[in-house]
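Read through the structure below, which is laid out as structure tokens, and then see the notes.
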Amino acid sequence: MSNNKLIKESSRYVIGVYDHENAILNAVQRVQEDGLRVHEVFSPHPIHHLDVYIGHPRTRIPIAAFCFATLGFSLAILMITFMLGIDWPMIIGGKNYVSIPTMVPVTFEATVLIAALGMVATFFISNNMGPGKEEFSFDRRSTDDKYVLVVDMDKNEGKSQEEISQILLKYGAEASPKMVEKAA
Amino acid sequence: MQVTSPIREPLVLNKMTMHNITNDVCKQVEGKPTMPWLICFGISLVLLGLGTISVASTWWYGIGTWGLNKTVGWAWDITNFVWWVGIGHAGTLISAILMLFRQKWRTSINRAAEAMTIFAVLCAGSFILFHMGRPWVAHWALPLPNTYGSLWVNFNSPLVWDVFAISTYLTVSSVFWYVGLIPDLATIRDRAKVSLTDNPLLATDTKEERKAKQEKRRPIGAFMYSIMAFGWEGGAKVWARYEYVSLILAGLSTPLVLSVHTIVSMDFATSVIPGWHTTIFPPYFVAGAIFSGFAMVLTLMLITRVVFKLENYITLEHIELMNKIITLTGSIVGVAYITEFFIAWYSGVEYESYAFINRAFGPYWWAYAAMMLCNVVSPQLFWSRTIRRNLVATFVLSIIVNIGMWFERFVIIVTSLHRDYLPSSWIYFRPTIYDVGDYLFTFGLFFTLFFLFAKFLPVINMAEVKAALNSSDEAARERGVIALSKKAGGEGVKIAAVHNPDKD
């Protein structure tokens, strides 16, 4: 299957449904010890460090936030310097055209604004999210009260659906894990 | 195994499961409007309608309809502006500062408090628009290229700082609020979609629940909430990014929320008017903002709790904790009042001393007395645990605090202006019906938006409450132990030790 990835039309996944945070954390670690590669876990709430247990790389969102903050800071300084110092200097009591203390509030607000908007935009783009985007739900209960462990069959070559299901069941999945096909 | 002190009260009462939480929060979104909601919404609409007449007159005739005059150039309108901005501080404080302090009790109230923040800031902004007299040129307050010889706004002016502070605050709060809403919107979307298809995955529901869901086909809900949920799937990778985004937004919002009222206070503090020209204003205004904001959150949450039957989520524990913050910030405000008075005398400046003596004993003594009584004396009642946990007393006191905080701004603004340096300019400010009507308009706007929010969006942050449930609720923890011991061969202890939500 991996040889013809370019023309692959769909992927097959086996999903195990768990009913408690502790159970899913246990299962994620144990199925990996048993040689399964976990594709993803869907949960109704954030679970700290779950991404680390699955082996996802650390997110670089904070770096994006810092870059946007720097951008906002620089833009504000440039804007105020240009407007008050270069384009239309005003004499106010003989004081400097560009005064650093009075730049502080606007620069701070612009830094926060651009950092927040830029970071959230990065978040949406990196997750392929946006208004009206179609979701693919392996099991709709994963936004209610269930934790869904998804195993990609392509990434676990040599293991049949039956074998994968057995491993998921062994660590507490609900009866009969099922297979889901997702169009490429 | 993690050990939690039994003294700590659970954040969610009555041994709720995650599915119960989803049902309880979604039912008001999915069901038909209830009679209490209709009554509350109707009253808000009436207020909004009456207020709109007043606002339309103000816009048509100009702000000459107000009671302002040459001596008192700022009065009701700026009082209302500062009051609403202050109220708009609690939401971000709860969701950002309490998040950084790892206060899990904020999870039940942060959503509604954030919504309240956004609506309060909108109300505050509307007074700035009204005060411009010509609101259609409001964009002149922004540094935009223009045809007047590239004349820019003056960045040395605190009023320009205000434009940036308020608009940034509104934008960042709205973004923070919406990002937090997405997982819950996905929950509602999925419930609507499940009801559309004959989905066999409703195993957790009872037969009746399943039947009810499938009978309640909601194609419009499925469509609308699909758009609003942004395609949320809730994978671990996305949650990890989401948590970072929330944390950084909280980190950004914390100085932001403190900066907003600091900058509002500078509108006064950077002037040379006796009574305004004080360095204590920034911390004093911020404490006052949190004080009034929490009072408004309490007023609204006590109503919401009854209207939507959310007693299991907004518990007496939550109310008591908020009352403690009110006592603290109320006392800070009280100390600030006394400090101001002392410094006015200690400065030896005649005009400064007179401004404060005039405040307390001049023609507006009644406003000063109301302020002292409502803001300094009344929150001291919360030292009693019985009163802190009494719903009626909390409701009444929360309204009293907000009345007091309105008087605080009125006292600062009007009493500092009404007696000018020239006794011939002395005047007694009286509001007109349009002053009152415009204030009513913002009440109508605020409550209309709040009740619309409460009907169509989840008022409680389900995802966060569920996360807090597993670590704070005894029953949920027990279920976790059972989930591990029975199904995973009794070897779950290792994982529970690794994953301790209190430490992570």
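Observations on the structure shown:
- Candidate set from segment A:53-70 (those that are more than 13 Å from the chain's Cα centre (by Cα) and β-branched (Val, Ile, Thr)); member that is surrounded by the fewest Cβ atoms within 10 Å (Cβ to Cβ): A:ILE63
- Residue, farthest from the other protein chains (Cβ to nearest Cβ), within segment A:100-159, restricted to residues that are closer than 30 Å to A:PRO177 by Cβ and among the aliphatic types (A, V, I, L, M): A:MET153
- Filter result for A:GLY172 (within 7 Å of chain B (Cβ to nearest Cβ), out of contact with any Pro (no Cβ under 8 Å at 6 or more places or on another chain) and either closer than 22 Å to B:MET266 by Cβ or in a loop (DSSP other than H, G, I, E, B) (or both)): yes
- When segment A:53-96 is filtered for residues that are touching a Lys or Arg at 6+ places or on another chain (Cβ under 9 Å) and either of a type in the set (S, T, N, Q) or within 8 Å of chain B (Cβ to nearest Cβ) (or both), the ones remaining, listed by number, are A:ILE54, A:HIS56, A:THR59, A:ILE61.
- Tally of residues being of a type in the set (Gly, Ala, Ser) and under 14 Å from B:VAL459 (Cβ atoms) across segment B:96-123: 4
- The requirement of being within 23 Å of the chain's Cα centre (by Cα), at pLDDT 65 or above and not in a loop (DSSP other than H, G, I, E, B) is satisfied by B:GLU464.
- All told, A:ILE91 meets the bar of being surrounded by fewer than 14 Cβ atoms within 10 Å (Cβ to Cβ), among the β-branched types (Val, Ile, Thr) and in a loop (DSSP other than H, G, I, E, B).
The rows are residues; the columns are (1) without any contact (Cβ under 8 Å) to a residue 12 or more places away in the chain; (2) surrounded by 21 or more Cβ atoms within 10 Å (Cβ to Cβ); (3) over 30 Å from A:PHE73 (Cα atoms); (4) not polar (S, T, N, Q).
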site: A:ALA121; (1), (2), (3), (4): yes, no, no, yes
site: A:SER142; (1), (2), (3), (4): no, yes, yes, no
site: A:ASP154; (1), (2), (3), (4): no, no, yes, yes
site: A:GLU157; (1), (2), (3), (4): no, no, yes, yes
site: A:GLU163; (1), (2), (3), (4): yes, no, yes, yes
site: A:ILE167; (1), (2), (3), (4): no, yes, yes, yes
site: A:TYR171; (1), (2), (3), (4): no, yes, yes, yes
site: A:LYS178; (1), (2), (3), (4): no, no, yes, yes
site: A:LYS182; (1), (2), (3), (4): no, no, yes, yes
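- For segment A:24-83, a residue qualifies if it is part of a helix (DSSP H, G or I), touching a residue at least 60 places away in the same chain (Cβ under 8 Å) and under 25 Å from B:LEU185 (Cα atoms), and the qualifying residues are A:ILE24, A:ILE61.
- Qualifying positions in segment A:17-52 - farther than 22 Å from B:ARG241 by Cβ, among the acidic types (Asp, Glu) and touching a Lys or Arg at 6+ places or on another chain (Cβ under 8 Å): A:ASP19, A:ASP34
- Qualifying residue in segment B:32-52 (condition: crowded, with 22+ Cβ neighbours inside 10 Å and not in a helix (DSSP H, G or I)): no
- Failed item, numbered, when A:PRO101 is tested on (1) under 23 Å from B:SER259 (Cα atoms); (2) crowded, with 17+ Cβ neighbours inside 10 Å: (2)
- Residues that are over 24 Å from B:THR327 (Cα atoms) and part of a helix (DSSP H, G or I), drawn from segment B:251-293: B:GLY251, B:LEU252, B:ILE263, B:MET266, B:ASP267, B:PHE268, B:ALA269
- Candidates B:VAL335, B:VAL376, filtered to the one that is part of a helix (DSSP H, G or I) and in contact with a helix residue (DSSP H, G or I) (Cβ under 6 Å, 6 or more places away or on another chain): B:VAL376
- Among (1) in a helix (DSSP H, G or I); (2) at pLDDT 85 or above; (3) more than 29 Å from B:GLY64 (Cα to Cα); (4) within 11 Å of chain A (Cβ to nearest Cβ) - the single one B:GLY231 does not satisfy: (1)
- If you go through segment A:71-86 and keep only what is among the aliphatic types (A, V, I, L, M) and closer than 18 Å to A:ALA115 by Cα, you end up with A:LEU71, A:LEU75, A:ALA76, A:ILE77, A:LEU78, A:MET79.
- Yes/no for B:PHE361 being buried (at least 23 other Cβ atoms within 10 Å of the Cβ) and within 25 Å of B:SER378 (Cβ to Cβ): no
- Number of residues in segment B:123-145 that are in a loop (DSSP other than H, G, I, E, B) and under 16 Å from B:TYR169 (Cα atoms) equals 1.
- Within segment B:64-110, the set of residues being among the aromatic types (Phe, Trp, Tyr) and within 22 Å of B:MET132 (Cα to Cα) comprises B:TRP66, B:TRP74, B:TRP76, B:PHE81, B:TRP83, B:TRP84.
- Segment B:417-456, subset touching an Asp or Glu at 6+ places or on another chain (Cβ under 9 Å) and surrounded by 20 or more Cβ atoms within 10 Å (Cβ to Cβ), residue nearest to B:ASN358 (Cα to Cα): B:ASP435
- Candidate set from segment B:167-181 (those that are touching a helix residue (DSSP H, G or I) at 6+ places or on another chain (Cβ under 7 Å) and within 9 Å of chain A (Cβ to nearest Cβ)); member that is surrounded by the fewest Cβ atoms within 10 Å (Cβ to Cβ): B:THR171
- Only a single criterion out of (1) of a type in the set (Phe, Trp, Tyr); (2) within 30 Å of B:PHE223 (Cβ to Cβ); (3) assigned to a helix (DSSP H, G or I) is not satisfied by A:PHE108, namely (2).
- Filter pass, B:ASP184 being at the interface with another protein chain (Cβ under 7 Å from one of its Cβ atoms), in a helix (DSSP H, G or I), of a type outside the set (Phe, Trp, Tyr) and crowded, with 20+ Cβ neighbours inside 10 Å: no
Here's the yes/no breakdown for (1) of a type in the set (Lys, Arg); (2) more than 14 Å from every other protein chain (Cβ to nearest Cβ); (3) more than 28 Å from B:GLY251 (Cβ to Cβ):
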| site | (1), (2), (3) |
| --- | --- |
| B:ASN20 | no, no, yes |
| B:TRP37 | no, yes, yes |
| B:THR58 | no, yes, yes |
| B:THR107 | no, no, no |
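The values are calculated or read from the model by the stated rules, or taken from the named source; none is laboratory data. The structure presented is a predicted model; accordingly, all values stated were derived computationally and were not measured. Methodologically, a virtual Cβ is constructed for each residue, glycine included, from the backbone with ideal geometry; neighbour enumeration extends over all protein chains shown.
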